[in-house]
Structures are given as structure tokens and as C-alpha cells.
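Here's the structure we're looking at; comments come further down.
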Amino acid sequence: MTHRTRSATLAASALLLFTATQPVAAQGKATDPLAAEIETRMTAVMPKVVAWRRDIHEHPELSNQEVRTAALVEKHLRALGMEVTPQVGKTGVVGVLRGGKPGPVVALRADMDALPVTELVDLPFKSKVRTMYNGQEVGVMHACGHDNHVAIMMGTAEVLAGMKERLPGTVKFIFQPAEEGLGGAEAMIADGALQNPRPSAIFGLHVWPSALGSLSTRAGGFMAAADQIDIVVKGRQTHGSAPWSGVDPIVVAAQIVMGLQTVASRQIDVTAAPAVITIGMIQGGNRGNIIPDSVVMIGTIRTFDADMRQEIHTRVKRTVEDIAHSAGATARVQLSIGGLITQNDASLLEKMTPTLQRTAGDGGFRTVNPVTGSEDFPAFTKDIPGLFYFLGVAPKGMDQKSQAANHSPLFFADEAALPTGVRAMANLAVDYLKSGGMASAKPAMKQ
Ligand SMILES: [Zn+2]
Ligand SMILES: [Zn+2]
């Protein structure tokens, strides 16, 4: 990030202290009585949403350690008179709001965990929390913006609880721990988060450094599956001056890195869906005149299509093993299934598109390209339709190119996007209930 951009970000963060206390302008698009009520209630709850977000931002907690955050959520949902279940999937919290009129059940999901990142954004509520992580002392930061997700959902809960008697159905609030690669969604589901009552659809949002207040998503594969490749290349150790007297696993590892790039660029149909294969770690040897015995490599594979995912796994394994074989070395390849493909149900997205268009802020509603990052939201959508979307949080006038990405120590979410988050979530829930919902069963999504 350039100096100029960083100054602008800091200026924007100073500004938001002012703007957040101002009344939120109504969009003037709400003609429906329930939508009009959401708008009024949303405006009233915004100062609290901002305060919650700052508090959670200042007190971030790592995956499966979201005790303080979960307690805050639990207390709030109980005060709203919901049926609340704490400790679902370790630190998860589920709240059920039963409307006064009959109708379907819809679930809303927010993730709560922070990351081992030392915050570099100069905010008054900057995180000063430090911890030991993998043997190193490091800061803890909401570098993925989940503080915003929790605050938006708490605000949405308050808005909808206030209009409970007029709600045609039930809203289930799922506050999830451990999204960052530690299986929080699966743990909550195993603990019954999708039962009693069972939702017929689920919505989730993620803050993203795109245009302020924009809502964006796409049908089908939206975020990638993330699978890990572990490779051990076994050669035969020898003197660095006489490679012919052994088998050099370093050169084999180099060939494997290049060979794997041809899987994505030469062997799959690039017009069908994109794919990324990255080797992010290579370890082998300890000095210049010794050819080591083995080299360890770790990488990630990102895909958007279930069949292509399988095909790439097969081709990666073959490429690695055959390259090693050609040099007289051996390679052990292990492919670990990681995050699932976040696939938006096309008919649910079609049904909810007018809501997204109506509730988006100035940035509007956008259909966007797939994103190679990964989410564990799809664990919830294995057999119910789901819709995951991004809320743009770049400061006004900025865009993704000028902004630090999620997980950066400079990641910055402008609070001016929070009203759009609450408005979108509350209206999605209500519009879904009003529509009568979707058939609750659907064929399991192929992963
Ligand atoms: Zn993240
Ligand atoms: Zn995230």
C-alpha cells in the first residue's frame, strides 16, 4: 500500500468517527410496510452497531477462543427475548426468533473469529491484544473484518426482534466460531445448528474492500475450494560437487513447481472455470555443497467446479510422481480436502436479487467474477440453498485496487458500510419469509 493511500485511509478513519454518529439517511425506496419498518428500526440501532463493532474490533479473539464475543452475543439475544443456545460447536451461539405469523424458517450466519495479525491501522479502537501463536508472539486482529459481521448480525437481530409479531416465519441467527480454517461451521452443524427448527435457506455476508456500500455476488461457484498439497520428494544425498553420485531432489522440486503450472494452464479447460495451483513452501538442504536427501513442498489448489476439482487432483498427483520418476527420485503426494466451493443457489439468488438491488448502498448491486479466497459458509449449504454475498467497505471514492486485502495488517473496513449490511440482512430475511420460502430439501451440492 502506498503512502498516499495509507494517509487517505487514516483520514477516512478519522472521518468515520464523525459520520457514524450522524443519523443514517433513509434510502427512500421502501414502500412496503415491513421494509419501511426495517429502515426506521435500522436507523435507530446504528449507534449501537457501531459501538459493538468498535468494541469487538478492540477485543479480537482467535478461532475457537471467541468467549468474550460469544458472551456479548448471547446476552444481547437473550435481552431480545430469543430462544438462545450457547456453546454450539465450542463457542458458537444460535438464536431463534419465532415470528407472530406462520411461515418458513430462514437462517442468517455471521462468523466471529480474528487472526494472528498485528494491526497496523491507526484507529482509536485499534487492537492491542497479543498472543502466542505457533511458538511466536504476535498481535491479534480482526484482519478479515468478522467484527463487522457480528455487529451487523446483532443489529439485524434487534431490528427483527422489534417487529417479531409481524414476521411471517422464523429467523435463526447463527454466530459461528473458527471460520479461519478450523472447521467452525462443521462443528456447529454437528452440534445441531441446522436442526430444530431446520431452515430452508441461509444467508451470509462478508466485508470486502470493494466500493463502499456495494453488494456483490454471483450464481454458482462464487468462492473457491481450497485443498492442500503436501509433497515429499525423496532423492539420495551426495556431495554438491558430484550430483551424478546421488539423486538431486532440489532440481526435481524445481521441475515439479514448473510442471504443476502446466496443469492449470495446459491441461484443464480454462473457459469452463478458473483454477489456481500455488506452491507456497519449499524446504530442503542446509548448505551449498550438499545435495540433500529430500525436499518438502506445501501448496494450495483453488477450484470452482466439483468435477474440475477432482480432475486437477488426479493430474497434480500424476505430474508430481512422473516428474520425480523421470529423475530417478520418488515423490509422495498427499491431497487434503480443505474448504468447500461456496456455491450460490441460482434460484435463491434470482428470488433475492430485487432485495439486493433495493438495499445496496451507493455502490449498487453487482454480479462479480469468482473469488479465489475460500470460506466455510458452504458447510451450511450442503443440502439447503444458500446465498453468500460481499458488502463493500472501502472508504468512499476508493476501490479494491487502492485497498489492503482481507488478512493484511492494514485491512480497513469503513463503518459507513454498516447500515447497508443491516439493511441487506434484515430485508433478505423478511423478503424470504414473505415469499413463502423454498422447498427445504435439495439435492446435495456436489463438491
Ligand atoms: Zn479470513
Ligand atoms: Zn473472513
- prompt: Does the stretch 369-411 hold any residues that are touching a strand residue (DSSP E or B) at 6+ places or on another chain (Cβ under 7 Å) and aromatic (Phe, Trp, Tyr), and which are they?
  reply: PHE377, PHE380, PHE388, TYR389, PHE390
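Let's see how each residue does on (1) in contact with a helix residue (DSSP H, G or I) (Cβ under 8 Å, 6 or more places away or on another chain); (2) at pLDDT below 95:
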residue	(1), (2)
PRO124	yes, no
TYR133	no, yes
GLY139	no, no
CYS144	no, no
THR156	yes, no
GLN176	yes, no
field: Check on GLU83, surrounded by fewer than 18 Cβ atoms within 10 Å (Cβ to Cβ) and either under 15 Å from ALA151 (Cβ atoms) or touching a Lys or Arg at 6+ places or on another chain (Cβ under 8 Å) (or both)
entry: yes
query: Taking the condition of a type in the set (Gly, Ala, Ser) and assigned by TED's automatic domain parsing to the domain that holds MET398, does ALA242 pass?
result: no
message: Here's a check for you: in the stretch 376-409, which residue that is part of a loop (DSSP other than H, G, I, E, B) and among the basic types (Lys, Arg) is nearest to ligand 1 (Cβ to nearest atom)?
response: LYS382
Exclusive hit being among the basic types (Lys, Arg) and within 21 Å of the chain's Cα centre (by Cα), set LYS351, LYS401, LYS434: LYS401
- prompt: Can you tell which of ARG98, ARG166 is within 28 Å of ALA379 (Cβ to Cβ), out of contact with any helix residue (DSSP H, G or I) (no Cβ under 6 Å at 6 or more places or on another chain), of a type in the set (D, E, K, R) and away from ligand 2 (no atom under 16 Å from the Cβ)?
  reply: ARG98
- request: Would you mind stating whether MET154 is crowded, with 24+ Cβ neighbours inside 10 Å and either among the hydrophobic types (A, V, I, L, M, F, W, C) or under 23 Å from GLY392 (Cα atoms) (or both)?
  value: yes
statement: Taking the stretch 169-193 and the residues there that are more than 16 Å from the chain's Cα centre (by Cα) and surrounded by fewer than 24 Cβ atoms within 10 Å (Cβ to Cβ), the one that is farthest from ligand 1 (Cβ to nearest atom) would be THR170
message: Could you list, ordered by first residue, the pairs with Cβ atoms under 7 Å in which the first is in the stretch 162-183 and not assigned by TED's automatic domain parsing to the domain that holds ARG98 and the second is away from ligand 1 (no atom under 16 Å from the Cβ), at least 6 apart or interchain?
response: none
message: Looking at SER210, SER216, can you tell me which residue is within 28 Å of ALA273 (Cβ to Cβ) and assigned to a loop (DSSP other than H, G, I, E, B)?
response: SER210
query: For ALA157, are the conditions met, namely being touching a strand residue (DSSP E or B) at 6+ places or on another chain (Cβ under 7 Å), assigned to a loop (DSSP other than H, G, I, E, B), under 16 Å from VAL106 (Cα atoms) and in contact (Cβ under 8 Å) with a residue 60 or more places away in the chain?
result: no
message: Here's a check for you: in the stretch 267-325, which residue that is hydroxyl-bearing (Ser, Thr, Tyr) and buried (at least 17 other Cβ atoms within 10 Å of the Cβ) is nearest to GLY338 (Cα to Cα)?
response: THR300
- prompt: Is the stretch 57-67 home to any residue that is within 16 Å of ligand 2 (Cβ to nearest atom), in a strand (DSSP E or B) and touching a Gly at 6+ places or on another chain (Cβ under 9 Å)?
  reply: no
task: Filter the stretch 225-263 for residues that are touching a residue at least 24 places away in the same chain (Cβ under 8 Å) and of a type in the set (Ser, Thr, Tyr) and give the result.
output: THR238, SER241, THR262
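The values are calculated or read from the model by the stated rules, or taken from the named source; none is laboratory data. Remember, predicted model here, so these are calculated numbers, not experimental data. Neighbour counts run over all protein chains shown; Cβ positions are idealised from the backbone, glycine included.
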